[in-house]
Structures are given as structure tokens and as C-alpha cells.
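These notes concern the structure reproduced below.
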Amino acid sequence: MRFSFEVKESDLLGRVGTLRVGGKTLETPYMFPVIHPVSQIVPTSELKGMGFGGLMTNSYIIHSRRKKEALEKQIHALLGFDGVFMTDSGGYQVLEYGDLELGYGDVASFQADIGSELAVTLDRPTGYPQTRARARDTVEYSLKNAKATLKEFAGRETVWVGPIQGGLYSDFVRRSASSLVEAGFGFLALGSPVQVMENYMFADLVKMIAAARKGIPYSVPLHLFGAGHPLTMSLAVALGCDTFDSASYVLFARTGRYMTRGGVATLKAMKYLPCSCPVCTRTSLKELLELDHTERTRRLSVHNLFVLREELEACKEAISEGRLWDLVEERSMAHPRLREAFVELAKHSDELAAGTPAVKERGLFVRSTMDLARPELRTAAARLSGAMRRSSGDAVVLDSEGTKRGKSAVGRKDADAYRVHPILGLYPSELEFHYPFSQTEASLVRPETPVEPKRALKELGYRRVLVQGERRRVRSRRTRRGASPSPRSSSARSR
Ligand SMILES: [Zn+2]
């Protein structure tokens, strides 16, 4: 089956891309809503109407409960949806129900026979917590099945998705990912994040995704299993996850949990519905609470899906505008564990820089000490280290309003001109129009060890260093001799 992935725009390791499967396309980042093949809370036609062009379902459940019907009708007619179907192998259920006679070949041929477009090969989820020895077994078992499936079923009309296992053991995760790529998989899926996420171990989630991404070329898309939480979506996208699947919209709805882009609330404890989706605009909170359980679950599920969809759109827009970092940071304020995850993400700044455009149309915001780790600043700092070269005996430090004419204003036409960036410090004025040197908006945040421009230039070997504002201030102080200093000159002196 024809399969391709094209990156249209990127920021950090997040990308807006086009996933082409057969003749169908999905724009990424994308979340496949998980549907139960026997009982659907939200009809597939309604999911399609909401803009979901791909669904995820479990091939094991279809195999055990609707096998004959599925083989006759094929999955699209069976479940009433003509978009892209991704099927999970049911590795978890195979293990859970002890149905161990079902091998990789049975699972693969069934998925291909029912017409699934994206099929995960039979794996064994590592889970959490897990011993190192057991984690190794799950990686080896999943990898062996994956390779065998690809070899035997490569000719079928199905795109095989390689499952990455290894859990919290980063070395296993990385090796699992690179081995699948070597074996020829063009689409990988990272397993086992569910328990990690349920335990709010978001920093570990960052480590897992980063390890997987390290083993995969940039051009290969990555799916993250079961990660439908509005708070972690931007984080996962920023680390290079392109698609997700989740049943969280239903699971949360069943227990009366109402998603918002800032977290999850309990319907019973709420006083208002802070959402403008069709459910929330047509139903009052009181009405929702009075509905029977099934109908309330259905409506809450639809609401939750709207929230997830909105968050995905927010991720895409943020990538397009070059402010994905800002979005991840904003979401990280919702919970201390998410803040820890953001700190972990910042440790990967150099990798994130690889997908971050060299030039952005929008100014760079530095609002917190965390922002000092922004990849844009890392890239600029690396560029700067090679650009500080002395070509004259004199140097002029131009002030923020100073132009090239500033050099003549201070009487040093042949002097090397510098400017001061609020975070990066001194830079040659030729870089002024290079992003982000004059496009940075910083609040009170300053680097821990700011370098004094004059001293830094003397260290570069300049005989004379003139600071543009300083000369003006000296002059203004002279003319005002005797009078009390103006607020401006007093602040200049105290600096
Ligand atoms: Zn709503």
C-alpha cells in the first residue's frame, strides 16, 4: 500500500505533516479516536462529522467477537467508516486472556484480510513497573514478531506499524526503535506510556519519547499509543510524536470527567461549563447531570473529543507560528509534574534545535528562567561564538536605538560595532538582522552571569571601547553640573 509522510512545517521536533495511506490523507499531528468494535458510544458517522479522518480499533476484539462478519464485510463496512483504520494487534489482550496460541502470522493476516490500512504487528507491552530482564523479553518478543511480519506480509495491502517497547529503560527503547527502522519499518509506534501517564510520571514520558526519537530518522513518523490527554499533547508533539490514539475521551466520560485544555475536572464538582462546543452550548450543566449514565457518557465523550481536537489544532497553529515552546510552557504550568516534564524537555534543547526554523517571523519571548534554554537561543549562541572577530583597534557598543550612523556619532568610523542582546550579551552589529538578535523580547529574566560589555571587548584585544549611551550620559551630566541629577542620569549611574 502506498504510504508517505511529508513534513510541511516544523518547530522544535514537532511538525505539521501529511500522512498518505493508500488514497487517503491525514494531517498530523493527529489523534485516532479509539472505538470499540462492538459497542460504540459515539457513532462513527458523528466522529467523521467532527473531522476525524482516521480511527483506531482493536483487531483482537474483532477477531474474537466479530470475525466472520469482519472477513465478509471488511472493516470499513463493518464499522461504518470510510476513513483510515489503524488496528492494534491486541498484544495486551493476547497476554491478558492467555490466548497464546495466536501467533504473529494469525494476527497479521487477519488485519490485512479485514482491510486495515495501518496495522501494528503483534507485540508485548513492557508496562510499568517492570524489571529490566522482563522489559528485555518484551522488546525481543515484539521485535522478532515485527521482523517476521514484515518479511512475510510485505506484499499485503496494509502498512505495518512497528511497535517500540522497553518502557522506562531508555537504552531498550532506543535500540528497539533503531532495530525496527533497520528492519524496514516506515512508521513506528511507541508503547507503554499509559501507566506512566496515569501515574503522572510526565518527566519519564519525556525521556521515553526522546529515547525513541533518537533511534529514528527525522523523516519517519512516530505514533504514541494511548496518549489522549489535553495537557500532555503539546509536550509529546514537541518531542516528535506525529500521531496518537486514545480512548480517554470515553473512559473519562464514563466516570464523569470533563476535559478542558487546562486539565480535567469532575462534572459533579463543577459550577459552569467553560466550553463552546455543541454539547456545552446546547446542554446546561444541570441537564447533563440529570441525564442517564449512557446519554451523559455519550455527550461528555463528544465534548472531550472536541477538547482534544482543539488542542491538536492549537499544536498545529503553534508549530506554524513558531511558538510551540510557548504552548508547551503554558500547559506545563497546570501541574507540578508537568513542570518537571518541561524541565526534562529543556535538557534536550540541542535536539529540539534541529527541527526549529532558523528564522521566525515572530519575536522571541523570554519570560522565565526556563526560556533561557530555548533552542533558538542555543542556535544563536553557537552562531555567535564563531562571529566575534576583531578587525579594528577600536570598538563601539551601540545602544538599542543606535544605527550604523551611531559609529560616526561616537566619532569612530572604522571601529568594530557591537550591540547587546538581553540574554546573549555582546554581538557584532552585522548580526542585527539575523534572527533572533534584535527580535528578542525579554522580561526581567537575565542570564546568571551577565558579561560586562566593556570588559569583554577589552579581553578581545580592543584598545579603546566606547559605549554609545555612556558618552551621551557623560555629556548630559556635564551640562547639568550643579543641578540635581535627573532620574535618567541617576539610573545610569547606579547601573
Ligand atoms: Zn464542550
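The values are calculated or read from the model by the stated rules, or taken from the named source; none is laboratory data. All figures in this text were calculated on a predicted structure; none of them were measured in a lab. Here the Cβ is made from the backbone with ideal geometry for all residues, glycine too, and neighbour counts use every protein chain on show.
Pick from the stretch 255-312 the residues that are among the polar types (S, T, N, Q) and in a strand (DSSP E or B): which of them is nearest to the ligand (Cβ to nearest atom)?
Within the stretch 255-312, the match that is nearest to the ligand (Cβ to nearest atom) is 260.
Suppose we filter 191, 184, 228 for residues that are assigned by TED's automatic domain parsing to the domain that holds residue 121, more than 16 Å from the ligand (Cβ to nearest atom), small (Gly, Ala, Ser) and buried (at least 17 other Cβ atoms within 10 Å of the Cβ); which single one remains?
Step by step, each of 191, 184, 228 is checked, and only 191 is assigned by TED's automatic domain parsing to the domain that holds residue 121, more than 16 Å from the ligand (Cβ to nearest atom), small (Gly, Ala, Ser) and buried (at least 17 other Cβ atoms within 10 Å of the Cβ).
Kindly check whether there is at least one residue in the stretch 65-76 that is out of contact with any strand residue (DSSP E or B) (no Cβ under 6 Å at 6 or more places or on another chain), modelled with pLDDT under 95, of a type in the set (Asp, Glu) and assigned to a helix (DSSP H, G or I).
No - not one qualifying residue is present in the stretch 65-76.
Return the pair list, or none, for Cβ contacts closer than 6 Å from residues in the stretch 66-82 that are among the small types (Gly, Ala, Ser) to residues that are part of a loop (DSSP other than H, G, I, E, B), at least 6 apart or on different chains.
Partner pairs satisfying both residue conditions: 70/114.
Scan the stretch 27-38 for residues that are surrounded by 24 or more Cβ atoms within 10 Å (Cβ to Cβ) and over 26 Å from residue 65 (Cβ atoms) and jot them down.
Of everything in the stretch 27-38, those that are surrounded by 24 or more Cβ atoms within 10 Å (Cβ to Cβ) and over 26 Å from residue 65 (Cβ atoms) turn out to be 28, 29.
Tally up the residues in the stretch 137-174 that are out of contact with any Phe, Trp or Tyr (no Cβ under 9 Å at 6 or more places or on another chain), buried (at least 24 other Cβ atoms within 10 Å of the Cβ) and over 21 Å from residue 58 (Cα atoms), please.
Final tally of qualifying residues: 1.
In the stretch 276-285, is there at least one residue being under 25 Å from residue 203 (Cα atoms) and either surrounded by 15 or more Cβ atoms within 10 Å (Cβ to Cβ) or hydrophobic (A, V, I, L, M, F, W, C) (or both)? Break it down stepwise before answering.
The first filter runs over the stretch 276-285 and keeps only residues under 25 Å from residue 203 (Cα atoms), leaving none.
No, every residue in the stretch 276-285 fails to be under 25 Å from residue 203 (Cα atoms) and either surrounded by 15 or more Cβ atoms within 10 Å (Cβ to Cβ) or hydrophobic (A, V, I, L, M, F, W, C) (or both).
For residues in the stretch 183-203 being in a helix (DSSP H, G or I) and touching a Pro at 6+ places or on another chain (Cβ under 9 Å), which is nearest to residue 128 (Cα to Cα)? Don't jump to the end; show me each part of the working.
Narrowing the stretch 183-203 to residues in a helix (DSSP H, G or I): 183, 193-198, 202-203.
Next cut, touching a Pro at 6+ places or on another chain (Cβ under 9 Å) only: 194-195.
Values: 194: 9, 195: 6 Å.
Here the answer is 195.
Take the residues in the stretch 108-134 that are assigned to a loop (DSSP other than H, G, I, E, B) and in contact with a strand residue (DSSP E or B) (Cβ under 7 Å, 6 or more places away or on another chain), then tell me which one is surrounded by the fewest Cβ atoms within 10 Å (Cβ to Cβ).
The initial filter retains those residues of the stretch 108-134 that are assigned to a loop (DSSP other than H, G, I, E, B), namely 114-117, 121-131.
Right, trim to in contact with a strand residue (DSSP E or B) (Cβ under 7 Å, 6 or more places away or on another chain) and you get 116-117, 121, 123.
Working: 116: 26, 117: 21, 121: 27, 123: 32.
Step by step, filter the stretch 108-134, then rank; the result is 117.
Do any strands (runs of 3 or more DSSP E) lying entirely in the stretch 1-42 carry at least 3 residues that are in contact with a helix residue (DSSP H, G or I) (Cβ under 8 Å, 6 or more places away or on another chain), and which ones are they? Break it down into steps so the answer makes sense when it comes.
Working: elements: 3-11, 14-21, 24-28, 30-33.
By residue number, 3-11, 14-21, 30-33.
Inside the stretch 335-364, can you point out the residues that are outside any helix (DSSP H, G or I) and surrounded by 17 or more Cβ atoms within 10 Å (Cβ to Cβ)?
Looking only at the stretch 335-364, we keep the residues that are outside any helix (DSSP H, G or I), and these are 335, 347-348, 356-364.
Passing the criteria: 348, 356, 364.
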